[in-house]
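**Student:** Let me give you the structure first, and then I'll get to my questions.
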Amino acid sequence: MGYFDALMSSWFKTLPDGRKLFYPRGAWGRGYIIASEQDYKRLRQQIKVYLIVMVVLMIGASVSPGYLWILGLGVLLLGFYYLVFAPYCVRGLQPSDEKLSLQDSYTNEALAFSTKRLWSMVIGSIAVVGLGIVMLVFDPDSRLGAVAIIVIFVFSAAVFMWMLLRRRASH
C-alpha cells in the first residue's frame, strides 16, 4: 500500500457486515455509507489528489519560508475542502450514525502503514528535529522557523510512536 493510500485509511471504515463508511472530516464529523465499490474508488481518488496537493504545499512552505503565500494557499485550500469539497464528496450518500473515534482513525492508519514505514517516519522526524536544533544554534536569524520545525516534528514523532503502539495493540 502506498503512502497516500495509508493516509486515506483514517477517513474510511469497514463495518463487520462489509459496508464501507466515509468520514470526510475524520473523527470530528459524521460518517456516510458508501453505496458502491465505484463510489468507494471515486472517493479514494478524490481524497488522494487532495492529500497530494496539501503535502506538496506543506513541503513548499517549509522549504521556502520566505514564501508565506504558499502556506496561505494551503490554508485557503483547507478551508475550501471543509466548506465546498467535503459536502460535494458526500452528495447522494446516506448519513450513518456509526462513529469514528480518533483512536480508531489512527489505528486504521497505523495498520495501513508497515511497521518499517512507521519506524522510518519516527526516525525521519527525529532527524528533522535535529536539523531544527542545528538551525537554532548556527542561524539565530531563523529562530522562528527553527522552533516551528522542532515543535512540528517532535509532535510528528510522538504521533508516529503512538501509531506504532496502536498497531502493536491491534495484533
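The values are calculated or read from the model by the stated rules, or taken from the named source; none is laboratory data. Computed from a predicted model, the values in this text were never measured in an experiment. Note that each Cβ is placed from the backbone with ideal geometry, even for glycine, and that neighbours are counted across all protein chains shown. Heavy atoms of the whole protein, side chains included, go into the accessibility calculation; ligands, DNA and RNA do not. Shrake-Rupley method; radii C 1.70, N 1.55, O 1.52, S 1.80 Å.
**Student:** For ARG91 and LEU51, what is the calculated FRET efficiency with R₀ set at 22 Å and r taken between the beta-carbons, to the nearest 0.05?
**Tutor:** Between ARG91 and LEU51 the formula returns 0.60.
**Student:** Provide the convex hull volume over Cα atoms per residue for the stretch 94-171, in Å³.
**Tutor:** Per residue, the Cα convex hull of the stretch 94-171 comes to 107 Å³.
**Student:** In addition: Could you calculate the FRET efficiency of VAL147 with THR14 from 1/(1 + (r/R0)^6), where r is the beta carbon distance between them and R0 is 35 Å, rounded to 0.05?
**Tutor:** Efficiency computed from Cβ-Cβ geometry: 0.30.
**Student:** Percent of accessible area on the stretch 1-49 owned by carbon and sulfur, 1.4 Å probe?
**Tutor:** 53 percent
**Student:** Moving on. To the nearest 10 degrees, how steeply does helix 68-80 sit against the main Cα axis of the chain, on a 0 to 90 scale?
**Tutor:** It works out to around 10 degrees.
**Student:** So how do PHE113, PHE138, PHE155 rank on accessible area, 1.4 Å probe, biggest first, that is with the largest at the start?
**Tutor:** PHE138, PHE155, PHE113
**Student:** Just how much of SER170 is accessible, in Å², when a 1.4 Å probe is used and the result is rounded to the nearest 10?
**Tutor:** About 50 Å², ignoring ligands and nucleic acids.
**Student:** Still on this structure, please answer the following. Top to bottom by accessible area (1.4 Å), largest first, where do SER120, SER9 land?
**Tutor:** Numbers: SER120 65, SER9 20 Å².
Greatest to least solvent exposure: SER120, SER9.
**Student:** Evaluate the Kirkwood expression for the hydrodynamic radius of the stretch 42-171, namely the inverse of the mean inverse distance over all pairs of different C-alpha atoms, and round to one decimal in Å.
**Tutor:** Its Kirkwood hydrodynamic radius stands at 17.2 Å.
**Student:** Could you work out how far helix 115-138 tilts from the main Cα principal axis of the chain, as a 0 to 90 degree angle to the nearest 10?
**Tutor:** Roughly 30 degrees, rounded to the nearest 10.
**Student:** Rounded to the nearest whole Å², what accessible area per residue is found for the chain with the 1.4 Å probe?
**Tutor:** Each residue of the chain exposes 62 Å² on average to a 1.4 Å probe.
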